[in-house]
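Everything below concerns the one structure shown next.
The values are calculated or read from the model by the stated rules, or taken from the named source; none is laboratory data. Predicted model, so just to flag it, every value in this text is computed and none were measured. Backbone-built Cβ (ideal geometry, glycine too); neighbour counts: all protein chains shown.
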Amino acid sequence: MLSLALIDSDVPRRNVTLEPSRSSIQCAAIQTPIIGDSVFQIWKRHFHAWIWLLLIGKCRFLIWILRFQIWKCHFHAWIWLLLIGKCRFLIWILRFQIWKRHFHAWIWLLLIGKCRFLIWILRFQIWKCHFHAWIWLLLIGKCRFLIWILRFQIWKRHFHAWIWLLLIGKCRFLIWILRFQIWKCHFHAWIWLLLIGKCRFLIWILRFQIWKRHFHAWIWLLLIGKCRFLIWILRFQIWKCHFHAWIWLLLIGKCRFLIWILHFQIWKRHFHAWIWLFLIGKCRFHACDQIPPWVLLQSALFHAQVPGLPKAGRR
């Protein structure tokens, strides 16, 4: 069909030789750069499409890295939550220890109160013993006064007569009875004094027990203060853990935001890649559609006939 368009109708077909005309050569020379530009445009769009695909792969690699960072942040957040749970468990243990120490402190205070009550009882016993000792001393004094009276009576009876000797013997017998009573009173007084010393010794023992219990109570109060200080430290650790957990959650949110941005970039690059592929197809379609077939044939003949150009051979 192309050869018939160039053959004159008066000349037989077998004697006709294809010779390019001047106008066809000029058309071919004009149309030849169009083919090169189209090929360059196709290559350029392929190059851009590959660049977009590499960027898509890079974004997916960054998404995997960010997902690993999110997993790492979740892992650290769980570790901090476990530490918070551990700190709260230690706080419950310390609260139990504080309650235990309060309980022991109250027991010691009750024992101190009991010891003070016993001291009041012993002081009452000491006062009672002093009271009885003073009674016995008054009786001793009374007995000595009676002895002086009897001695005076004895002297009086000696002075009067031997008749009074019987009375004197009787008085001496009474004197011996009174001396026995005095000795008995002295004995009881010494017993009471021993009891007073014993009570005072018990008071010193009880005072030592009270001091000991006060000392133990202060130790328990110091331990309670120590436990409360540890609770404040653990609360600070819990606050610190909560703070770090919130930081990790913020980092997780930041990573997720970056992932959404990268998803948008991937979608954008996919969209551009599709646009480039569409443009490549459009260029190929236009490259094949806009160049007439007879121009392609004349371009081939021109390359075959013009001297200095490489010969592709005749068809």
Quiz prompt | Residue ID - farthest from the chain's Cα centre (by Cα), chosen from residues in segment 242-263 that are closer than 24 Å to R88 by Cβ and without any contact (Cβ under 8 Å) to a residue 40 or more places away in the chain | solution = L250
Self-check item: Residues (in contact (Cβ under 8 Å) with a residue 40 or more places away in the chain and surrounded by 14 or more Cβ atoms within 10 Å (Cβ to Cβ)) located in segment 89-108
Solution: L90, I91, L94, Q97, I98, R101, H104, A105, W108
Quiz prompt | Residues satisfying the stated conditions in segment 163-194, i.e. loosely packed, with under 13 Cβ neighbours inside 10 Å and small (G, A, S) | solution = G169
Quiz item: Would a scan of segment 113-120 turn up a residue that is aromatic (F, W, Y) and under 26 Å from I205 (Cα atoms)?
Solution: yes
Quiz item: If you take the residues in segment 109-137 that are of a type in the set (A, V, I, L, M) and within 15 Å of L195 (Cα to Cα), which one is surrounded by the fewest Cβ atoms within 10 Å (Cβ to Cβ)?
Solution: I121
Quiz item: Picking from R157, R151, R200, R172, which residue would you name as being part of a helix (DSSP H, G or I) and modelled with pLDDT of 85 or more?
Solution: R200
Quiz item: Under the condition of being among the polar types (S, T, N, Q) and modelled with pLDDT under 80, which residue from segment 254-307 is farthest from K58 (Cα to Cα)?
Solution: Q305
